[in-house]
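Step one of this worksheet: look at the structure below.
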Amino acid sequence: MKVLNLYAGIGGNRKLWEDVEVTAVELNPQIAKIYQDFFPQDKVIVADAHQYLLEHFKEYEFIWSSPPCPTHSRINIGVMGVESKFTSNNPYKYPDMSLYQEIVLLKYHFGGKFSVENVVSYYEPLYPPQEVDNHYFWTNFHIGSFTKGCREHYGGTKKLQENKGFDLSEYKGIDKIKILRNCVEPELGLHILNESKRDIQPELFNRLDDRRTTP
């Protein structure tokens with residue numbers, strides 16, 4: 001299976017994938033280097049994932065995208081609130097609509113399976129997602145129940161490394177806690193990929209427009 005892994009980070013979602021040919025796109029060269037160290041068999045591209053998706057999406061069978069989440073996060077309710085002590089240091093920002101650009105592009109033009117992942121937003125989503133393990137997922141397949149529930153994003157570097165399964169001790173000059181918190185749990189990443197492979201999907205979850213044609 002040819003897989004495109006966008007906004008790849010150090011590869012939390014990809015850690016347990018097997019029998020796949022992965023192209024990973026990460027904008028930060030230092031983080032891309034760490035990803036390549038962990039997954040030397042993958043093709044790693046340092047580029048803008050949003051633009052790369054637009055230019056190359058038809059080359060793949062499965063696409064995972066995790067666009068930046070801060071402008072969608074529920075933390076904005078506190079940061080942007082009138083009473084919030086953080087408001088003066090954190091001005092209002094528009095939610096980054098590139099998230100929905102990718103969802104629409106893939107929904108109407110992509111012939112394979114896709115998963116666009118993000119945080120649970122502080123606003124009502126413009127397209128209805130599936131919520132799994134405190135993540136939002138926009139997909140063209142049904143995601144069955146997931147019970148791992150290990151979304152532990154807090155604690156020191158050592159605890160986060162144990163939770164996520166990545167040892168960053170040899171890397172210097174990086175925000176290890178932030179990088180590890182941004183990792184999707186490997187078990188959840190594997191679950192999503194496996195669910196995309198199921199031949200039979202519940203009819204009620206057929207969210208693709210009937211007019212869409214497969215390339």
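Are there helices (runs of 4 or more DSSP H) fully within the stretch 97-198 with at least 1 residues that are exposed (fewer than 13 other Cβ atoms within 10 Å of the Cβ) and modelled with pLDDT of 95 or more? List them. Reasoning before the result, please.
Values: elements: 98-109, 157-164, 176-181, 186-196.
Output list reads 98-109.
For residue 88, state whether it is more than 25 Å from residue 53 (Cβ to Cβ), at pLDDT 80 or above and open to solvent by 40 Å² or more (accessible area, probe 1.4 Å).
On the way: more than 25 Å from residue 53 (Cβ to Cβ): yes; at pLDDT 80 or above: no; open to solvent by 40 Å² or more (accessible area, probe 1.4 Å): yes.
Answer is no for this residue.
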Seminar exercise, completed: residue 48 vs (1) modelled with pLDDT under 95; (2) open to solvent by 60 Å² or more (accessible area, probe 1.4 Å); (3) within 18 Å of the chain's Cα centre (by Cα); (4) of a type outside the set (A, V, I, L, M, F, W, C): all pass except (1)
Exercise. Across the stretch 5-22, what is the total count of residues that are surrounded by 19 or more Cβ atoms within 10 Å (Cβ to Cβ) and out of contact with any helix residue (DSSP H, G or I) (no Cβ under 7 Å at 6 or more places or on another chain)?
Worked result: 2
Exercise. Yes or no: residue 54 open to solvent by less than 80 Å² (accessible area, probe 1.4 Å), hydrophobic (A, V, I, L, M, F, W, C) and within 26 Å of residue 143 (Cα to Cα)?
Worked result: no
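The values are calculated or read from the model by the stated rules, or taken from the named source; none is laboratory data. Fair warning: this is a prediction, and the values are worked out from it, not measured in the lab. Glycine gets a Cβ as well: all are built from the backbone with ideal geometry, and neighbour counts include every protein chain shown. When the accessible area is computed, the model is the full protein with side chains, heavy atoms only, and any ligands, DNA or RNA have been set aside. Shrake-Rupley method; radii C 1.70, N 1.55, O 1.52, S 1.80 Å.
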